[in-house]
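The values are calculated or read from the model by the stated rules, or taken from the named source; none is laboratory data. Because the structure is predicted, anything quoted here is derived from the model rather than measured. Here the Cβ is made from the backbone with ideal geometry for all residues, glycine too, and neighbour counts use every protein chain on show. Remember, those area values only see protein heavy atoms, side chains included, never the ligands or the DNA or RNA. Shrake-Rupley method; radii C 1.70, N 1.55, O 1.52, S 1.80 Å.
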Amino acid sequence: MTAQACCDENKKLLTRRGVLGRGLAAGAAGALAGLVGEGLSTRLAYAAEGYTGDTLVVLSLRGGFDGLSAIAPIGDPDYYKARPTIALPKSQAIGGNSMFGLHPGLAPLLPMWKNGSLAAVHAVGQPNPTRSHFAAMEEMERAAAGTSLRSGWLDRMLGLTGATGPLAAVAMGNAMPARLFGGAFSDVSMASVDGFTLAGESANRPMAASLRKMYATAPGLLAGPALAADAALTATTGVRATAYAPANGAAYPATPLGNALEDVARLIKAKVGLAAAAVDSGDWDMHEGLGTAVKGQRMYDNLLETSTALAAFAADLGPAGMASVTVVTVSEFGRRVAENASRGVDHGHGNAMLLMGGGVRGGTVYGTWPGLAAGALVAGDLAATTDYRAVIGEILQKRCGFGSLAEVFPEVTPASFGLAAARS
């Protein structure tokens, strides 16, 4: 796919998001509550009282994350042959080992790499790869290749937790299509915790009370979304009542991702029973000007912004809070191995995932490395040796307490890397 074609598809994707993002699952909830935010979306799901697993935070890096830059295969000589101007020099790699090196843009996360709470898995991918953003995102979030399932995998996960409360699923922002939580569980949209108010509500205009009265005797299918929005507004009132101050000196960047992760941490610490959060952050589609590994270059700056927000999130929760949290990054596809004439990289396949949390056995890169020699590539791409669902599957079993994955990821065997310790 050419850079121009990619840009055209992204424009179409944004248009689709504008149509889908607010109400596919939430119905009237998104229309009634104040919604702002662009380029980032967060979905949250609140667990039933019986759920005792980790809070799962899924960070989707939209646009096609270049795992070969972030977790660079510095020990593979073919990496430098394929990327003569944008490869990460061995001398600039941080962390890692003789085969892999972390990009210096990930420096804020280096302490977690060293203390073993941050890990990576390389050469991951989808079973039916495509170079289309829209199609790849849809398959990544449906996560049921070869089946007739049309729900999102986080919705199916929530079904196993038994989440039934008014905040069973919440979306912050309106950029992400409602796929991860698409299904039987309704979700409510909010741009932020503090901004989640009913439009027009005031002492002289009791909109919420009027809403309840209006739908009190309406049929369930009609009243459900409106009353669910009202219940969610009531449930978040206590959280909004107190101004939030991050703990432990955590300094979130003033970015959409930083703001979203701060709100996720706020809800975790408010003990509202948060089971899952999905944060959506974009601008990884680097067909040109990916840059060298120094400040002011596109990949460096994007990685630094992302890692700064994640480091603030971990600091805010502290070791005790992170002991029950697992963060997983996903992206719809990786990038081609060879750089292009614009010193960028086009759509590819094999990619890297990051995992962070108190139960993660970090400080290492998991997975089977296929190598970057010409004969090892798949149509110019890094071969995917691990299904991304298998990685998440190991987390679901070890950290979320699921015995079987059949209802979440049909016909997928969880990875057995030992990348996470089982909850006691």
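One residue alone among ASN351, ASN340 is of a type outside the set (Lys, Arg) and under 17 Å from PRO84 (Cβ atoms), and that residue is ASN340.
Across segment 367-410, which residue is farthest from SER98 (Cα to Cα) among those that are open to solvent by 40 Å² or more (accessible area, probe 1.4 Å), of a type in the set (Ser, Thr, Tyr) and at pLDDT 95 or above? Only one residue tops the list, namely THR385.
Does segment 331-351 contain any residue that is assigned to a helix (DSSP H, G or I), surrounded by fewer than 21 Cβ atoms within 10 Å (Cβ to Cβ) and at pLDDT 95 or above?
Among the residues of segment 331-351, not one is assigned to a helix (DSSP H, G or I), surrounded by fewer than 21 Cβ atoms within 10 Å (Cβ to Cβ) and at pLDDT 95 or above, which makes the answer no.
Listed conditions (1) within 19 Å of SER307 (Cβ to Cβ); (2) in a loop (DSSP other than H, G, I, E, B); (3) of a type in the set (A, V, I, L, M) are all met by ALA203, apart from (1). Scanning segment 231-274 for residues that are more than 23 Å from SER307 (Cα to Cα) and among the basic types (Lys, Arg) yields ARG240, LYS271. In segment 254-282, the residues that are in a loop (DSSP other than H, G, I, E, B) reach residues that are of a type in the set (Asp, Glu) with C-beta atoms within less than 6 angstrom, at least six apart or across chains, in these pairs: THR255/GLU305.
Among the residues making up segment 229-267, those that are of a type in the set (A, V, I, L, M, F, W, C) and either more than 24 Å from LEU154 (Cβ to Cβ) or open to solvent by 30 Å² or more (accessible area, probe 1.4 Å) (or both) are ALA231, ALA235, ALA241, ALA243, ALA245, ALA247, ALA250, ALA251, ALA254.
In segment 112-129 there is at least one residue that is open to solvent by 20 Å² or more (accessible area, probe 1.4 Å), under 21 Å from GLY63 (Cα atoms) and of a type in the set (S, T, N, Q).
Considering each of THR364, THR326, THR413 in turn, give the residue that is in contact with a strand residue (DSSP E or B) (Cβ under 8 Å, 6 or more places away or on another chain), touching a residue at least 12 places away in the same chain (Cβ under 8 Å), among the β-branched types (Val, Ile, Thr) and surrounded by fewer than 24 Cβ atoms within 10 Å (Cβ to Cβ).
THR364
Quick one: in segment 394-410, of everything that is without any contact (Cβ under 8 Å) to a residue 60 or more places away in the chain and in contact with a Gly (Cβ under 9 Å, 6 or more places away or on another chain), which residue is farthest from THR364 (Cα to Cα)? Let's see the steps before the verdict.
If we filter segment 394-410 for residues that are without any contact (Cβ under 8 Å) to a residue 60 or more places away in the chain, which is where we start, we get 394, 397-398, 403-406.
Checking which are in contact with a Gly (Cβ under 9 Å, 6 or more places away or on another chain) leaves us with 394, 397-398, 405.
On the way: GLU394: 16, GLN397: 20, LYS398: 18, LEU405: 25 Å.
Checked segment 394-410; the qualifying residue farthest from THR364 (Cα to Cα) is LEU405.
With respect to the conditions (1) in contact with a Gly (Cβ under 7 Å, 6 or more places away or on another chain); (2) not in a loop (DSSP other than H, G, I, E, B), ALA383 lacks only one, and its number is (2).
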